[in-house]
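The values are calculated or read from the model by the stated rules, or taken from the named source; none is laboratory data. Worth saying up front: this structure is predicted, and the values here are computed from it rather than measured. All Cβ positions, even for glycine, are placed from backbone atoms using ideal geometry, and neighbour counts span all protein chains on display.
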Amino acid sequence: MTVPVSVQVKICGITSADAVDAAASAGAAFGGLVFHPNSPRNVELEQARSLADHMRGRLKSVALIVDKDDAGIEALVGLVRPDFLQLHGSESARRAAYIRGKFRLPVIKAIPVATQADLFAASEYEDAADMLMFDARPPKGAQRPGGHGAAFDWKILSGRNFTKPWFLAGGLTQDNIAHAVELSGARLVDVSSGVESAPGVKDPQRIRDFIQAATMSKQNA
């Protein structure tokens, strides 16, 4: 028997107010802002502040950072005032816990996944972060840790229990999201390139289509 599941969506790599409006009106729960100069979705602080203000009360804003130092995080937090910090680099569990405590914001820690063995890294972060994210390991030589449109074997997450809520990310599209949820058991999903018309350009219709497909997902019971 299949049953409907409740899935919350994060639209990551938002660079425009139109994308905020599309995500919010379609029912997304989170909006992601990327702070990484090698990403086509990178936003500067002033732009990010405007976008975060546009999200406020409509989407939970998530600042994606990669191995950023304290001064950089302090400037970002002070100006943008995000609801979450997403650590998408090689931050250790100790560093994640420190950031969470110092800046008094909930932390999402992204863990790169290629095989089932990579999931073991989750245990060391469960006490340090508020949420986890399982994202496809980037290709060798990649200049950024995510947003490549790559996926991993979602079945390796099936039946796994973690003490913190977790996102599924990597290679998700309107066409595969229902299958990804069914195989992985995800209740939180993150999409970026899968709702774009070009790198860094979110497509409002693709956002709507993705969210509709995600929220209509079913799982075997």
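Looking across region 152-179 at every residue that is among the basic types (Lys, Arg) and loosely packed, with under 15 Cβ neighbours inside 10 Å, the one that is nearest to residue 214 (Cα to Cα) is identified as 155.
Kindly establish whether residue 18 is touching a residue at least 40 places away in the same chain (Cβ under 8 Å) and of a type in the set (D, E, K, R). It is true that residue 18 is touching a residue at least 40 places away in the same chain (Cβ under 8 Å) and of a type in the set (D, E, K, R).
Restricting the first member to region 123-152 and to residues that are under 23 Å from residue 172 (Cα atoms) and polar (S, T, N, Q), and the second to residues that are part of a loop (DSSP other than H, G, I, E, B) and at pLDDT 90 or above, the beta-carbon pairs closer than 6 Å and six or more apart or on different chains are 143/38. Here residue 47 meets each of (1) surrounded by fewer than 18 Cβ atoms within 10 Å (Cβ to Cβ); (2) over 21 Å from residue 78 (Cβ atoms); (3) not small (Gly, Ala, Ser) with one exception, condition (2). Residues in region 103-125 that are out of contact with any helix residue (DSSP H, G or I) (no Cβ under 7 Å at 6 or more places or on another chain), among the aliphatic types (A, V, I, L, M) and in a helix (DSSP H, G or I): 3 in all. In region 149-221, counting only strands (runs of 3 or more DSSP E) that sit wholly within it, the ones holding 1 or more residues that are of a type in the set (Phe, Trp, Tyr) and out of contact with any Pro (no Cβ under 6 Å at 6 or more places or on another chain) span 166-169. Has region 119-142 got any residue that is surrounded by 15 or more Cβ atoms within 10 Å (Cβ to Cβ), modelled with pLDDT under 95, in contact with a Ser or Thr (Cβ under 7 Å, 6 or more places away or on another chain) and closer than 26 Å to residue 45 by Cβ? Scanning region 119-142, I find no residue that is surrounded by 15 or more Cβ atoms within 10 Å (Cβ to Cβ), modelled with pLDDT under 95, in contact with a Ser or Thr (Cβ under 7 Å, 6 or more places away or on another chain) and closer than 26 Å to residue 45 by Cβ, so the answer is no. For the condition touching a helix residue (DSSP H, G or I) at 6+ places or on another chain (Cβ under 6 Å) and either part of a loop (DSSP other than H, G, I, E, B) or of a type in the set (Gly, Ala, Ser) (or both), residue 61 qualifies.
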